[in-house]
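Okay, so here's the structure we're looking at.
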Amino acid sequence: MKIKLFILGLSLGISILSGCNDDLTQVGTGIQPENDRPLVYADTFYMKAKTLQTDSVYARTIYGSLGEIYDPLYGNLKSDFMCQFYCPENYRFRYTPYNDVIDSVEFKIYYSRSWTGDSLTPMRAQLYEITTPLTRDFYTNIDPEQYCNMQKSLGMQTYTARDLSVSDSLWNATTTNGSQTVYSYDPNITIRMPKELGQRFYDATIKTPEVFNDQNTFNQFFPGIYVTNTYGTGNILNIESTQMNIYYKYTVKGSADQDSLVQTRETFSATSEVIQLNRFKNTDISHLLEPNDSIAYLKSPAGVYTQLTIPAQDIAPIIQGRIVSNVDFSLKALPQEDWKFAFEAPDNVLILPKDSMDTFFKNNNVENNITSYRGEYVASTRTYSFGNIAKLLKTHIENSPDEDLIINVIPVQRRVGTTYNYYNQPQDYTVAIENYLKPSGVKLRIDKDAMEMRIVTIEYR
């Protein structure tokens, strides 16, 4: 029985379709029957490429970013976020505040030494209370004014990413956690908030405790906080976590039956159980979208991506009746810019058919090496390698033989887990794939040489 298999490997390229067919060799002819000799072919094609932008990206994550930065190539980027806070069912204060009075409230933004840009640029974070409950729309083009009273600030704080008020010894201090060495100090921005907000929380636990029955009723009572940048440009923080602390004192009995006051706090955190919405505003990027014959761009979190057109209509009849042996696909990048604080290339990119770009992230999918493939950036060769993408092309040709295959190249964030093989060697595996939210940019080569596709196939005669 003759097996017909459509498999393609790609190497990034652009230009007009060009197909050629070379009979490379006969393999093992001395031991093969006369009518079963394999002929090996190499067929060359070329893809087309262009840079596109989506108006927003799907960003369901507990991580955010805050700040504003300008890059001479990739334009201006401003980022901020809105978040709810997790509340346990039937929540109550652990202790009764002394005289039923709250002392203070603060908001903390932790960024774990992760940022883009100048660490000494003065920036200002400002808080606004969300007055309209958030909806589960995780696209990054949200309008905060639809949810917040922008005339009423809950607090602000000027900061630098490298907090100069923290000594070098404290900033660099480390501890050992098992086999890991971790920093003792977690960089954060602390913003004082009106103590009346904490008083509102405590009073509600007494007067209207039903608002703490579950997360939904709590979200109606307190929809959340909008965190934005209102001063400075030159730095964007990669936010790891946020929390709101309500401080108060309570009475304890001492050994001599004397009362003492002890300070404590109640903490509300933005967690994976609640909504966080990230917003990004990009300007000065129109030049990235202009057609050209040599460069395509990726930029995050701007939704700027590269779209490739694979000439599947022309490939299918040429490779019909053959077994595809091996085809690798890789994208070639140009060197990064050499100015100070230049964006880095994203560590991972994803390729997938254009009609599944939206649903892939909504459904929390990971690469399956059938319809989606992940490539890691190799700085030494400036390439993203995806391996053999045969199944992707085969699936397309089987389902849409009269259409070319159009795939999108998208910067992504990969979250990993670790397993161990038979020899007790650690191996990473993908836990989640998300749109990349850190500032990044890379120029992909789309000249003819970079866009060449070479398909190696075998035919038995």
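The values are calculated or read from the model by the stated rules, or taken from the named source; none is laboratory data. Worth saying up front: this structure is predicted, and the values here are computed from it rather than measured. Because the Cβ atoms are built from the backbone with ideal geometry, glycine has one as well, and the counts that use them run over all protein chains shown.
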Report summary line: Of the residues in segment 367-393, those that are buried (at least 18 other Cβ atoms within 10 Å of the Cβ) and in a helix (DSSP H, G or I) come to 390, 392, 393
Query raised in the report: Considering only segment 103-134, how many residues are in a loop (DSSP other than H, G, I, E, B) and of a type in the set (Lys, Arg)?
Result: 1
Report task. Just need a number here: residues in segment 394-411 that are under 19 Å from the mean Cα position of the chain (by Cα) and surrounded by fewer than 21 Cβ atoms within 10 Å (Cβ to Cβ). Result -> 1
Requested in this report: Answer yes if at least one residue in segment 241-257 is under 21 Å from the mean Cα position of the chain (by Cα) and either aliphatic (A, V, I, L, M) or under 21 Å from residue 136 (Cβ atoms) (or both), and no otherwise.
Outcome: yes
Query raised in the report: Could you list, in sequence order, the residues of segment 75-102 that are over 25 Å from the mean Cα position of the chain (by Cα), of a type in the set (Phe, Trp, Tyr) and assigned to a loop (DSSP other than H, G, I, E, B)?
Result: 91, 93, 95
Query raised in the report: Restricting the first residue to segment 104-116 and requiring it to be farther than 30 Å from residue 249 by Cβ and assigned by TED's automatic domain parsing to the domain that holds residue 240, which pairs with a second residue that is among the small types (Gly, Ala, Ser) and modelled with pLDDT of 95 or more meet a Cβ separation below 7 Å and a spacing of at least six or different chains?
Result: 115/161
Query - Any hit, segment 315-322, residues being buried (at least 17 other Cβ atoms within 10 Å of the Cβ), part of a loop (DSSP other than H, G, I, E, B) and of a type in the set (Gly, Ala, Ser) - result: no
Query - So residue 243, is it touching a Ser or Thr at 6+ places or on another chain (Cβ under 7 Å) and either in a loop (DSSP other than H, G, I, E, B) or of a type in the set (S, T, N, Q) (or both) - result: yes
Query raised in the report: Does residue 294 satisfy being farther than 25 Å from residue 43 by Cα and either at pLDDT below 95 or not aromatic (Phe, Trp, Tyr) (or both)?
Result: no
Query raised in the report: With segment 137-227 as the region, which strands (runs of 3 or more DSSP E) entirely inside it contain at least 1 residues that are touching a residue at least 60 places away in the same chain (Cβ under 8 Å), in contact with an Asp or Glu (Cβ under 9 Å, 6 or more places away or on another chain) and among the β-branched types (Val, Ile, Thr)?
Result: 188-193
**Report entry** Pairs, first closer than 30 Å to residue 232 by Cβ in segment 79-93, second basic (Lys, Arg), C-beta under 9 Å, six or more apart
**Finding:** 79/279; 79/281; 80/279; 80/281; 81/279; 82/279
Query - Flag for residue 61 being under 20 Å from the mean Cα position of the chain (by Cα) and in a loop (DSSP other than H, G, I, E, B) - result: yes
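Residues are listed down the side, and each one gets a yes or a no for (1) modelled with pLDDT under 95; (2) outside the structural domain of residue 226 (by TED's automatic domain parsing); (3) among the hydroxyl-bearing types (Ser, Thr, Tyr):
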{"residue": "21", "(1), (2), (3)": "yes, yes, no"}
{"residue": "34", "(1), (2), (3)": "yes, yes, no"}
{"residue": "38", "(1), (2), (3)": "yes, yes, no"}
{"residue": "61", "(1), (2), (3)": "yes, yes, yes"}
{"residue": "80", "(1), (2), (3)": "no, no, no"}
{"residue": "90", "(1), (2), (3)": "no, no, no"}
{"residue": "98", "(1), (2), (3)": "no, no, yes"}
{"residue": "127", "(1), (2), (3)": "no, no, no"}
Query raised in the report: For residue 238, all conditions in the list (1) in the same structural domain as residue 186 (by TED's automatic domain parsing); (2) crowded, with 21+ Cβ neighbours inside 10 Å; (3) within 21 Å of residue 345 (Cα to Cα) hold save one; what is the number of the exception?
Result: (2)
Query raised in the report: touching a Phe, Trp or Tyr at 6+ places or on another chain (Cβ under 8 Å), more than 26 Å from residue 58 (Cβ to Cβ), outside the structural domain of residue 195 (by TED's automatic domain parsing) and of a type outside the set (Phe, Trp, Tyr): does that describe residue 311?
Result: yes
Query raised in the report: Do we have residue 415 as modelled with pLDDT of 95 or more, in contact with a strand residue (DSSP E or B) (Cβ under 8 Å, 6 or more places away or on another chain) and assigned by TED's automatic domain parsing to the domain that holds residue 323 here?
Result: no
**Report entry** All positions within segment 323-336 that are modelled with pLDDT of 95 or more and part of a loop (DSSP other than H, G, I, E, B)
**Finding:** 334, 335, 336
Report summary line: Flagged in segment 251-301 as in a helix (DSSP H, G or I) and of a type outside the set (Gly, Ala, Ser), in numbering order, are 287, 288, 289
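One line per residue, one yes/no per condition, for (1) among the hydrophobic types (A, V, I, L, M, F, W, C); (2) in contact with a helix residue (DSSP H, G or I) (Cβ under 9 Å, 6 or more places away or on another chain); (3) touching a residue at least 24 places away in the same chain (Cβ under 8 Å):
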{"site": "352", "(1), (2), (3)": "yes, yes, yes"}
{"site": "356", "(1), (2), (3)": "no, no, no"}
{"site": "359", "(1), (2), (3)": "no, no, no"}
{"site": "380", "(1), (2), (3)": "no, no, no"}
{"site": "397", "(1), (2), (3)": "yes, yes, yes"}
{"site": "409", "(1), (2), (3)": "yes, no, yes"}
{"site": "422", "(1), (2), (3)": "no, no, no"}
{"site": "433", "(1), (2), (3)": "yes, yes, yes"}
{"site": "458", "(1), (2), (3)": "yes, no, yes"}
Report summary line: Residue hits (segment 287-314; of a type in the set (S, T, N, Q) and either out of contact with any strand residue (DSSP E or B) (no Cβ under 6 Å at 6 or more places or on another chain) or surrounded by fewer than 18 Cβ atoms within 10 Å (Cβ to Cβ) (or both)) are 292, 294, 307, 309, 313
